[in-house]
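Engineer: Mind having a look at this structure? Questions to follow.
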Amino acid sequence: MKVLVFLEQRDGKLKSSSLEALSLGAKLAGSAADCAAVLVGKGVEGLAAQVKGYGADTVHVVDDAAFEKYNPLAYANAVEAAIKAHGAKIVLGVASPMGRDVFPRLAARMDAGIATDLTSCELSGEKLSGVKPMYSGKALAKIEIASGNVKFATIRPNVFPATQTGAGNAAVAKLSASAPADSRIKTIEVRKGASTKADLTEATRIVSGGRSLASADNFKILNELADVIGATVGASRAAVDSGYATHDMQVGQTGKTVNPTLYIAAGVSGSIQHMAGMRTSKVIVAINTDPEAPIFKVASYGIVGDLFKVVPLLTAKMKQLLT
Amino acid sequence: MKVLVLVKPTPDTESKIRISADGSKIETGDVKWIINPYDEYAIEEAVKIKEKAGAGDVIVACFGSDSAKELIVKALAVGGTRGLLVSNEGLETADSLTVAKVLAKAVASESPDLVFCGRHAIDDDNMHVGTMVAELLGWPHVNVVSKLEVTGKTAKAERSVEGGMVEVYEIGLPCVIGADKALNKPRYASLPGIMQAKKKPFDLKKPGDLGVDAAALKAGVRTVVTGFTNPPEKPAGKVFKGEDVEVMVDKVVKLLREEAKVI
Ligand SMILES: Cc1cc2nc3c(=O)[nH]c(=O)nc-3n(C[C@H](O)[C@H](O)[C@H](O)COP(=O)(O)OP(=O)(O)OC[C@H]3O[C@@H](n4cnc5c(N)ncnc54)[C@H](O)[C@@H]3O)c2cc1C
Ligand SMILES: Nc1ncnc2c1ncn2[C@@H]1O[C@H](COP(=O)(O)O)[C@@H](O)[C@H]1O
């Protein structure tokens, strides 16, 4: 089966979950000859070497000044050119801001089926099937695409393994694609927003605080723990609404859906809406003064106690262990 | 300026999601329906544009069942000027591209300057329909927009992406804008607003009225949800209480390292 994998890069840095998509692509394709990848950007040709051994013989590269910054129409055109060049029947990517922007556009363009944010994915004959969380993770849907010349799917980050099997020499094949007129859409700037940490949705470790932090200043005890363990800081909506944390830190139904391996919730009660965003975390640690707090029901480990005492101690212990 | 807002009914965020005994569907009998929360930001932004201009149309459109009318009227109560409901009878479980095909025709029949949608719907968690509508119309789009400024025939839109980065776009109208939570603060309906909403114009259409062949659409559905399962229950956790704080912290750190192997 001819499979194409969209490899994402920003500022010349390959997205780590793109390797997860590529490993899956190699598996579905069955051979390195049938598996290809596509890289889009400016001065990105060199990145192809980083995917050597991950199962694709060819990396189509659209390398041009017009593709330096992400632009949905330009990138859709580039991926479309690679689909045609490879004769791809299945196109895989990551359920990231970029993947979730480009793939629906191409599915509409090619009148194709699309499955987004898969946590499992299989191919049997022509049929692509998988599982996708819906209702903020309250249900898992079995999803199937049986018809159409091309099928699109994106995978949830941190779920599929990235495996370097050694197959696939990732030879560069240059490709050109057209960019839209500036008058239609132009990316004028990509700048730093508030935070510099890994985005919550990508973070493998998260430390979250709730209303009980009681001030923006107190979040620094969470920042200290986060710095030690390499985590990103999140918050409940009550903390955001009270102005202790910024909205991009909010985890939950109306915030971000996260999927880290470790989620530490300090002074978060564990409302349905908060849990909708973090219940799929692999390991959850809850710190709360109230032994009846709902967060303890989903916690792998819990400490009934005052976060202002527990968190600094936890930071100290982790520091000992990790440095 | 003529603005069209796409709204989708979704189960209330508090709803318990129950899977039918045979696993084929979600039981919706006791579900309370709301407008998809992100669509509320879309409505607000459209109404703000109308108010700033001092005039204009805000059409609130949905491809849904008859019961969606009530929700569209709620959007009219906060400033929408006209409702448009395209019946999805027989196509209730159609995939996102099928929905987008109908909505693209609905948009084309209204030729607005700007279309708003929500960044994603909280039932299917797809983030498909707005972008697909844009593609089917040959329009540009920006999704997950946290800030928007419309000046004449262009707009400046900011979208937040991973790593705390913000992409800033200049986009030509007509286009599709997907609203994120940071875009604005949706207002509550006033009593006069609620009263007036019931009298505002409301169109009920069938796909056929928009020149869409419903049977052909149905035959063209490619992505199918074949069933549902509950997410796996986690084994009961280990919760420590009543001991010395330092002892409890030590225990948890040890478990994280040796049992869970995540540190
Ligand atoms: C439509 C809708 C969408 C929503 N979306 C979201 C969302 O996306 N994300 C979200 O988080 N919420 C969301 N909410 C809000 C949600 O219902 C809760 O109100 C919110 O999550 C509560 O935040 P909290 O846990 O910080 O506060 P609280 O519920 O007030 O909990 C504070 C907790 O801290 C504990 N505590 C107090 N002092 C200490 C201390 N010294 N040490 C340790 N523990 C302490 C208390 O025992 C309590 O459990 C939404 C609500 C609605 C209606
Ligand atoms: N049936 C529908 N009717 C009107 N708008 C819709 C419909 N389905 C989706 N949308 C719009 O598209 C957005 C994204 O939906 P989704 O692709 O389902 O995540 C929603 O927030 C709505 O604005």
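Just so you know, all these numbers are worked out from the coordinates, no wet-lab data involved. As the structure is a computational prediction, the values presented were derived from the model and not from experiment. Here the Cβ positions follow ideal geometry from the backbone for every residue, glycine too, while neighbour counts run over all protein chains shown.
Engineer: Quote the relative contact order of chain B in percent (integer), defining contacts as alpha-carbon pairs under 8 Å separated by 6+ residues. Numbers along the way, then the final one.
Structural biologist: On the way: 476 pairs, mean separation 59.1, N = 263.
Relative contact order here is 22 percent.
Engineer: Further, regarding this structure: Shielding by partners for A:276-285, please: the mean number of other protein chain Cβ atoms within 10 Å of each residue's Cβ.
Structural biologist: Taking all residues of A:276-285 together, the mean is 3.
Engineer: Let me ask something else. Starting with the highest mean, order A:237-246, A:29-38 by the number of other Cβ atoms within 10 Å, averaged over the residues of each peptide.
Structural biologist: A:29-38, A:237-246
Engineer: Hey, another quick one. So for region B:52-199, averaging the separation of alpha carbon pairs under 8 Å that are six or more residues apart and normalising by length, what relative contact order in percent results? Walk me through the numbers before you get to the answer.
Structural biologist: Values: 242 pairs, mean separation 35.6, N = 148.
Once normalised by length, the contact order is 24 percent.
Engineer: When Cβ neighbours within 10 Å are restricted to other protein chains, what is their mean count per residue of peptide A:260-267?
Structural biologist: On the way: counts 1, 4, 4, 0, 2, 0, 0, 0.
Per residue, the number of nearby Cβ atoms from other chains is 1 on average.
Engineer: Let me ask something else about it. Picking from A:GLY302, A:ALA85, A:ALA245, whose Cα lies most toward the positive end of the charge dipole for chain A (charges on Cβ: Lys, Arg +1; Asp, Glu -1)?
Structural biologist: About the Cα centre, the residue reaching furthest to the positive side is A:GLY302.
Engineer: Specify the angular offset, from 0 to 90 degrees and rounded to the nearest 10, of the alpha carbon long axis of helix B:245-258 from the longest principal axis of the alpha carbons in chain B.
Structural biologist: 80
Engineer: Among rounded, prolate and oblate, which fits the protein assembly as shown when a ≥ b ≥ c are the square roots of the eigenvalues of its C-alpha gyration tensor, a/c under 1.5 means rounded, and a/b larger than b/c means prolate?
Structural biologist: Taking the square roots of the gyration eigenvalues as a ≥ b ≥ c, the protein assembly as shown is oblate.
Engineer: Find the eigenvalues of the gyration tensor of the Cα atoms of region A:61-131, then list the square roots of 5 times those eigenvalues as equivalent ellipsoid semi-axes, largest first, in whole angstrom. All intermediate terms of the calculation are to be shown ahead of the outcome.
Structural biologist: Working: eigenvalues 106, 40, 21 Å².
So the equivalent ellipsoid measures 23, 14, 10 Å along its semi-axes.
Engineer: Sort A:116-122, A:259-265, A:75-81 for me by packing, meaning the mean count of neighbouring Cβ atoms within 10 Å per residue, highest on top.
Structural biologist: Numbers: A:116-122: 21.1, A:259-265: 25.6, A:75-81: 23.6.
Highest mean packing first, the order is A:259-265, A:75-81, A:116-122.
Engineer: How far is helix A:219-229 tilted off the main Cα axis of chain A, in degrees rounded to 10, range 0 to 90?
Structural biologist: 60
Engineer: I would also like to ask the following. What does the charge count around A:VAL51 come to, taking other residues whose C-beta lies under 14 Å from its C-beta (Lys +1, Arg +1, Asp -1, Glu -1)?
Structural biologist: Residues close to A:VAL51 contribute a combined charge of -1.
Engineer: Along the charge dipole of the protein assembly as shown, pointing to its positive end and built from +1/-1 on Cβ of Lys, Arg, Asp and Glu, which listed residue (B:PRO231, A:VAL94, B:ASN88) has its Cα farthest out?
Structural biologist: B:ASN88
Engineer: Shielding of A:96-102 by partners, i.e. mean partner chain Cβ atoms within 10 Å per residue? It would help to have the intermediate numbers written out before the result.
Structural biologist: Numbers: counts 2, 10, 3, 1, 8, 10, 1.
Per residue, the number of nearby Cβ atoms from other chains is 5 on average.
Engineer: What are the aspartates and glutamates whose alpha-carbon lies under 20 Å from the alpha-carbon of A:LYS42, with same-chain residues fewer than 8 places away excluded?
Structural biologist: A:GLU8, A:ASP11, A:ASP63, A:ASP64, A:GLU68, A:GLU80, A:ASP101, A:ASP182, A:GLU189, B:GLU162, B:GLU167
Engineer: Among A:THR165, A:MET134, A:ASN149, which residue has its Cα positioned farthest towards the positive end of the charge dipole of region A:130-182, with +1 placed on the Cβ of Lys and Arg, -1 on the Cβ of Asp and Glu, and the dipole taken about the Cα centre?
Structural biologist: Of the candidates, A:MET134 comes out farthest on the positive side.
Engineer: Among A:98-109, B:191-202, A:221-232, how do they line up by average Cβ neighbours within 10 Å per residue, starting with the highest? Don't jump to the answer; show the numbers that get you there.
Structural biologist: Values: A:98-109: 25.6, B:191-202: 12.5, A:221-232: 19.4.
Highest mean packing first, the order is A:98-109, A:221-232, B:191-202.
Engineer: Taking R0 as 35 Å, what's the FRET efficiency between A:ASP217 and B:ALA236 from their Cβ-Cβ distance, rounded to 0.05?
Structural biologist: Numbers: r = 36 Å, r/R0 = 1.03.
Efficiency, rounded to the nearest 0.05: 0.45.
Engineer: Listing A:ARG191, A:ARG211 from the residue with the fewest other Cβ atoms within 10 Å to the one with the most, what is the order?
Structural biologist: On the way: A:ARG191 11, A:ARG211 17.
Ranked by crowding around the Cβ, least crowded first: A:ARG191, A:ARG211.
Engineer: Moving on to the next point. With an 8 Å Cα cut-off and a minimum separation of 6 or more residues, compute the relative contact order for region B:39-84 in percent. Walk me through the numbers on the way to the answer.
Structural biologist: On the way: 42 pairs, mean separation 19.5, N = 46.
Relative contact order here is 42 percent.
Engineer: From the Cα gyration tensor of region B:157-263, with a ≥ b ≥ c the square roots of its eigenvalues, which class applies: rounded if a/c is under 1.5, or else prolate if a/b is larger than b/c, or else oblate? All intermediate terms of the calculation are to be shown ahead of the outcome.
Structural biologist: Working: a/c = 2.28, a/b = 1.90, b/c = 1.20.
Cα axes put region B:157-263 in the prolate bin.
Engineer: Now for a different question. Against the longest alpha carbon principal axis of chain B, how many degrees, from 0 to 90 and to the nearest 10, is the axis of helix B:68-77 turned?
Structural biologist: Approximately 80 degrees, to the nearest ten.
Engineer: Tally Lys and Arg at +1 and Asp and Glu at -1 over the other residues with C-beta under 12 Å from the C-beta of A:LYS174: what net charge comes out?
Structural biologist: Working: positive: none; negative: A:GLU45, A:ASP63, A:ASP64.
Neighbour charge sum, excluding A:LYS174 itself: -3.
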